[in-house]
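The values are calculated or read from the model by the stated rules, or taken from the named source; none is laboratory data. Note that this is a predicted model, so its numbers are computed, not measured. Note that we place each Cβ from the backbone using ideal geometry, even for glycine, and neighbour counts take in every protein chain shown. Just so you know, the surface numbers come from the protein's heavy atoms only, side chains and all, with ligands and any DNA or RNA stripped out. Shrake-Rupley method; radii C 1.70, N 1.55, O 1.52, S 1.80 Å.
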Amino acid sequence: MSDYQFPYQDAEFLIKDLLDFDQMCADAGLEEVNCELAFAILEEAARLGSEVLAPLNQTGDEAGSRLEEDGVHQAAGFAEAYRQYVDNGWASLAADEEFGGQAMPRLLATSVVEIWDSANVAFSLCPLLTTGAVEAILKHGTDELKNAYLPNMISGEWTGSMCLTESAAGSDLAAVSTRAVPEGDHYLITGQKIFITWGDHQMTDNIIHLVLARLPDAPAGIRGISLFLVPKFLLDENGQPGERNDAYCVGVEHKLGIHASPTCSLSFGDNGGAVGYLIGEPNKGLVAMFTMMNEARQGVGIQSLGLSERSYQQARAFAKERLQGTNSDGSRFPIIEFPDVRRMLMVMKSATEAMRGLIYIAAAETDREHAAQSPADASKHADRTGIYTPIVKGWISELSQEITYLGTQVHGGMGYVEETGSAQHYRDARIMTIYEGTTGIQGLDLVGRKILADNGEALQELLDEIHATADDMSEVDGLKGMANALLNAVQSGREARAWLLEHSAQDRNVAAAVSVNFMMMMGYLCGGWVMGRSALKAAEIIESGSANQSFLQTKQITAQFYFDHLLPRCASCFATVKTGSNSIMALDIEQF
Ligand SMILES: Cc1cc2nc3c(=O)[nH]c(=O)nc-3n(C[C@H](O)[C@H](O)[C@H](O)COP(=O)(O)OP(=O)(O)OC[C@H]3O[C@@H](n4cnc5c(N)ncnc54)[C@H](O)[C@@H]3O)c2cc1C
């Protein structure tokens, strides 16, 4: 058993009340899926999370993984936990039915993944990468590859890995130098990849690597990269793992956090070449890889939420138990009575609920895209997802640093020592702003690909929607103050958008220089929108005489705290955006 409990009430409120899951499923033609089924599934997932995965979090952190003669050995208990995860059908929950998936809505799957991430983020990284690899093969692979690999990957019998990074190619994938030479019906891959998460382990019979490499005649740069499927074991005539492929783990990193997730150096082709199969078109590998990366970027947002929730729960429990204050009669009281401890817990609670709301809204957008009745409708939802993805990855991962930092702070000295587990959440969260594209790369993605590329149209639609929520809130007694604050923040959002469009046309450094502050501003604004919508929905249900008054009132107070303490950060981000690149770029390199 562990200290982690899935926050049902908040998840139910979002899924059932705010996002109207029953209606969403009916619109998508999923007649048998509804809230009742969803909550039964969540209950089962929470059991596996709390009883099996969460207890392995600290032991996995202490043991880590190790490289031996026959490859990487994961921490004790992980293989058995993974077996349970597969046998209970969790791996296939949201996957395509054609290859054995259960085709559950993305919104539900997202909520389930939050459980794995809170319980044991090092473990949940493995399924995250498999899901991304499945998506890439599904969208870009040939029928032959799909039939040969997807059923076992979707069931979880085989896992996937994502092999992009090389020592000279991190954020800049144009520098990828791994080679792929055609030979018959396949290619021979040679090169070294570093930092490959779950790149090797003993939990499954096969591992399917998705590898970026260059063909011999490929043009230089980003337009000369292709994507290949490289199995650890080649398939025999029965489609089962047979001969060992020439792809080996040659090192495992020692690192700050997520110790139980092996971060591998993989060497391809030391003995003549690893057999690989092309996914998608030659030289268009990055398009295919982006399918996987977008999936993983949202996944990192969910990991950041999961860690924040776990850190909050632990800090809350500690604050209720730790006695420090002394009453006049000499009796002692717990630290949760101190205003500053309240402040820290409220930041943690309100930010985590805002994160969850935005992540669930983004997941529902993907469901709406899949259920769209016309290409135009689908493209509208895809554009919105495009805006959400860098905010979910960038803003939420940055905010999770603050939440897990506060989790440690609430514990005082006990937070700094490893015993309580709080320090582990802080260490585990640190990678969130780095992998799957650093915060800097998310800022550039939002500003460049998602805003400047369509002249700010998709962002304009989002801002209009936030404005409409503020208008609705201003009609409700008790929410008028929050409505005004949201109107002001959305007005700043409009001005920031206009400023960006105008100034980036004049100075090429401007968009890049302001991009992270711009993204953080949009994150805090979206968080305000989510909490405002939540307060509005809570007011509506309270009005209708719901039995769960306590949860709904708590939600309203939490929203008020977000508006008082976190939404104002929009204004400071905006003030910084408006200073452009001048002082950022003013020093000569020698002056640093
Ligand atoms: C634990 C762990 C697991 C990982 N798992 C995987 C995996 O499974 N598969 C995989 O392929 N990779 C993986 N990675 C690699 C990870 O994705 C990269 O580390 C990350 O993309 C950053 O690349 P880099 O380390 O080379 O840093 P660099 O690209 O060298 O960046 C250094 C700094 O420069 C900034 N920077 C770089 N370029 C720009 C730019 N154009 N504009 C603004 N700022 C810029 C960055 O924001 C950063 O602050 C993992 C890394 C770690 C540590």
- Message: Can you find, within region 144-174, the residue that is nearest to the chain's Cα centre (by Cα) among those that are in a helix (DSSP H, G or I) and charged (D, E, K, R)?
- Response: 146
- Note on the structure: Exactly one of 459, 452 is open to solvent by less than 40 Å² (accessible area, probe 1.4 Å) and farther than 23 Å from residue 59 by Cα, and that one is 459
- Item | Near pairs, Cβ below 7 angstrom, 6+ apart or cross-chain, from region 251-275 (over 24 Å from residue 122 (Cβ atoms)) to any residue that is part of a loop (DSSP other than H, G, I, E, B) and within 13 Å of the ligand (Cβ to nearest atom) | 268/178
- Is it the case that region 415-436 has a residue that's part of a loop (DSSP other than H, G, I, E, B), within 16 Å of the ligand (Cβ to nearest atom), of a type outside the set (A, V, I, L, M) and within 24 Å of the chain's Cα centre (by Cα)? yes
- Query: Is it the case that region 577-585 has a residue that's of a type in the set (D, E, K, R) and either in contact with a strand residue (DSSP E or B) (Cβ under 8 Å, 6 or more places away or on another chain) or part of a loop (DSSP other than H, G, I, E, B) (or both)?
  - Reply: yes
- Return yes when residue 572 is within 26 Å of residue 345 (Cβ to Cβ), open to solvent by 30 Å² or more (accessible area, probe 1.4 Å), away from the ligand (no atom under 16 Å from the Cβ) and outside any loop (DSSP other than H, G, I, E, B) and no when it is not. yes
- Message: Can you tell me which condition residue 135 does not meet? The list is (1) over 24 Å from residue 429 (Cα atoms); (2) open to solvent by 20 Å² or more (accessible area, probe 1.4 Å); (3) not in a helix (DSSP H, G or I), and all the others hold.
- Response: (3)
- If you check residue 221 against the conditions, is it at positive phi and away from the ligand (no atom under 15 Å from the Cβ)? no
- Selection from region 470-487 of residues that are open to solvent by less than 30 Å² (accessible area, probe 1.4 Å) and out of contact with any Phe, Trp or Tyr (no Cβ under 6 Å at 6 or more places or on another chain): 470, 473, 479, 483, 486
- Of the conditions (1) surrounded by 14 or more Cβ atoms within 10 Å (Cβ to Cβ); (2) more than 21 Å from the chain's Cα centre (by Cα); (3) in a helix (DSSP H, G or I), residue 33 fails just one. Which one is it? (3)
- Message: So in region 100-132, with the set limited to residues that are part of a helix (DSSP H, G or I), in contact with a Ser or Thr (Cβ under 9 Å, 6 or more places away or on another chain) and open to solvent by 20 Å² or more (accessible area, probe 1.4 Å), which one is nearest to residue 360 (Cα to Cα)?
- Response: 106
- Got at least one residue in region 466-479 being more than 30 Å from the chain's Cα centre (by Cα), assigned to a helix (DSSP H, G or I) and aliphatic (A, V, I, L, M)? no
- Item | Close pairs (7 angstrom Cβ cut-off, 6 or more residues apart or separate chains): within 20 Å of residue 11 (Cα to Cα) in region 26-44, open to solvent by 90 Å² or more (accessible area, probe 1.4 Å) and not acidic (Asp, Glu) anywhere | 35/16
- Query: Are there any strands (runs of 3 or more DSSP E) wholly within region 234-351 with 1 or more residues that are more than 16 Å from the ligand (Cβ to nearest atom), over 31 Å from the mean Cα position of the chain (by Cα) and loosely packed, with under 13 Cβ neighbours inside 10 Å, and if so which?
  - Reply: 241-244, 323-326, 332-334
- Message: Just to be sure before I move on: is residue 561 surrounded by fewer than 22 Cβ atoms within 10 Å (Cβ to Cβ), modelled with pLDDT of 95 or more, among the aromatic types (Phe, Trp, Tyr) and over 27 Å from residue 445 (Cβ atoms) in the structure I sent?
- Response: yes
- Scanning region 504-515 residue by residue, the ones that are open to solvent by 50 Å² or more (accessible area, probe 1.4 Å) and assigned to a helix (DSSP H, G or I) total 5
- Of (1) open to solvent by 60 Å² or more (accessible area, probe 1.4 Å); (2) more than 17 Å from residue 396 (Cβ to Cβ), residue 580 fails just (1)
- Residues 121, 112: which one is on the phi < 0 side of the Ramachandran plot, away from the ligand (no atom under 16 Å from the Cβ) and within 25 Å of the chain's Cα centre (by Cα)? 112
- Task: Looking only at region 9-30, count how many residues are under 25 Å from the mean Cα position of the chain (by Cα), assigned to a helix (DSSP H, G or I) and of a type in the set (A, V, I, L, M).
- Result: 5
- Among (1) touching a helix residue (DSSP H, G or I) at 6+ places or on another chain (Cβ under 6 Å); (2) outside any helix (DSSP H, G or I); (3) away from the ligand (no atom under 16 Å from the Cβ), which single condition is residue 459 missing? (2)
- Task: Filter region 181-228 for residues that are open to solvent by 20 Å² or more (accessible area, probe 1.4 Å) and in contact with a Pro (Cβ under 7 Å, 6 or more places away or on another chain) and give the result.
- Result: 181, 205
- Is it the case that residue 355 is open to solvent by less than 30 Å² (accessible area, probe 1.4 Å) and of a type in the set (A, V, I, L, M)? yes
- Task: Report the residue count in region 193-218 for those that are touching a helix residue (DSSP H, G or I) at 6+ places or on another chain (Cβ under 8 Å), within 12 Å of the ligand (Cβ to nearest atom) and closer than 15 Å to residue 274 by Cα.
- Result: 2
